[in-house]
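Trainee: The structure that follows is given in the form of C-alpha cells.
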Amino acid sequence: MDIALLNQKITIQKNTVVVDDIGNHISKWDDFYSCYATISGESPNESTSAGMVVDNTKADFTVRWCKAVLEVTPDEYRVVYKGGIYNILGIDHQNFKKKSVKLKCQKVRR
C-alpha cells in the first residue's frame with residue numbers, strides 16, 4: 001500500500017443512544033476515529049423520484065489497518081468526509097492481511 005495515497009482526512013463517527021432529562025431516547029453521533037484515507041470508486045449518481053432529484057453517490061474509503069478500525073460495523077458507524085455524511089454499506093478487510101481496510105459507503109440523503 002502506497003502511504004502517499006492516504007491524503008484525504010476522514011472522521012468515523014459512532015452512533016449512541018442518549019436519554020435526556022425527561023426520558024426521551026435520542027440518537028447521537030460522536031466522533032470515534034479520525035485518519036487519512038484514499039478515496040476511490042467515487043461515482044456521482046442522481047435519479048429523480050417523485051419529482052425530486054436524489055443523490056445516490058457512492059465512494060470507497062481505504063484506510064490503514066488498526067485496532068480501532070476493526071470495531072467499525074455498518075450498523076453503528078458512518079464516515080464524514082468534506083462535510084458530507086456517508087453510511088457504511090460494507091467493509092472489506094482486504095484478505096485479512098492487516099494492511100488496509102476498505103469502507104464501501106453511500107452518501108446520506110438529507
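Trainee: Tell me the residue from Thr38, Thr11 that is surrounded by 13 or more Cβ atoms within 10 Å (Cβ to Cβ), modelled with pLDDT of 95 or more and either of a type in the set (D, E, K, R) or within 16 Å of Tyr81 (Cα to Cα) (or both), please. If you could, list the steps in order and put the result at the bottom.
Mentor: On the way: Thr38 fails: modelled with pLDDT of 95 or more.
Just a single option satisfies the conditions, and that option is Thr11.
Trainee: Right, next: Looking only at the range 67-74, decide whether some residue is modelled with pLDDT of 90 or more, surrounded by 12 or more Cβ atoms within 10 Å (Cβ to Cβ) and of a type in the set (Asp, Glu).
Mentor: yes
Trainee: Scan the range 60-101 for residues that are closer than 15 Å to Tyr36 by Cβ and under 10 Å from the mean Cα position of the chain (by Cα) and jot them down.
Mentor: Asp60, Phe61, Val79, Val80, Tyr81
Trainee: Residues that are of a type in the set (Phe, Trp, Tyr) and out of contact with any helix residue (DSSP H, G or I) (no Cβ under 7 Å at 6 or more places or on another chain), at least 1 per element: which strands (runs of 3 or more DSSP E) completely within the range 55-110 meet that?
Mentor: Of the strands (runs of 3 or more DSSP E) lying wholly inside the range 55-110, those with at least 1 residues that are of a type in the set (Phe, Trp, Tyr) and out of contact with any helix residue (DSSP H, G or I) (no Cβ under 7 Å at 6 or more places or on another chain) span 58-64, 77-81, 84-92.
Trainee: Let me ask something additional. Output the qualifying pairs, or none if there are none: Cβ atoms under 6 angstrom, residues six or more apart or on different chains, first residue in the range 93-110 and under 18 Å from Ile12 (Cβ atoms) and at pLDDT 90 or above, second residue among the aliphatic types (A, V, I, L, M) and part of a helix (DSSP H, G or I).
Mentor: Going by the 6 Å Cβ cut-off, the qualifying pairs are Val101/Val69.
Trainee: In the range 75-92, what residues are surrounded by fewer than 13 Cβ atoms within 10 Å (Cβ to Cβ) and closer than 16 Å to Ile10 by Cα?
Mentor: Going residue by residue through the range 75-92, those that are surrounded by fewer than 13 Cβ atoms within 10 Å (Cβ to Cβ) are 75, 82-83, 89-90, 92.
Lys82, Gly83, listed by residue number.
Trainee: I've got another one for you. Quickly run through the range 85-106 and pick out the residues that are touching a strand residue (DSSP E or B) at 6+ places or on another chain (Cβ under 6 Å) and either at positive phi or of a type in the set (Gly, Ala, Ser) (or both).
Mentor: Listed by number, the residues that qualify are Gly90, Gln94, Ser100.
The values are calculated or read from the model by the stated rules, or taken from the named source; none is laboratory data. Computed from a predicted model, the values in this text were never measured in an experiment. A quick note on method: Cβ atoms are made from the backbone with ideal geometry, for glycine too, and the neighbour counts reach across all protein chains shown.
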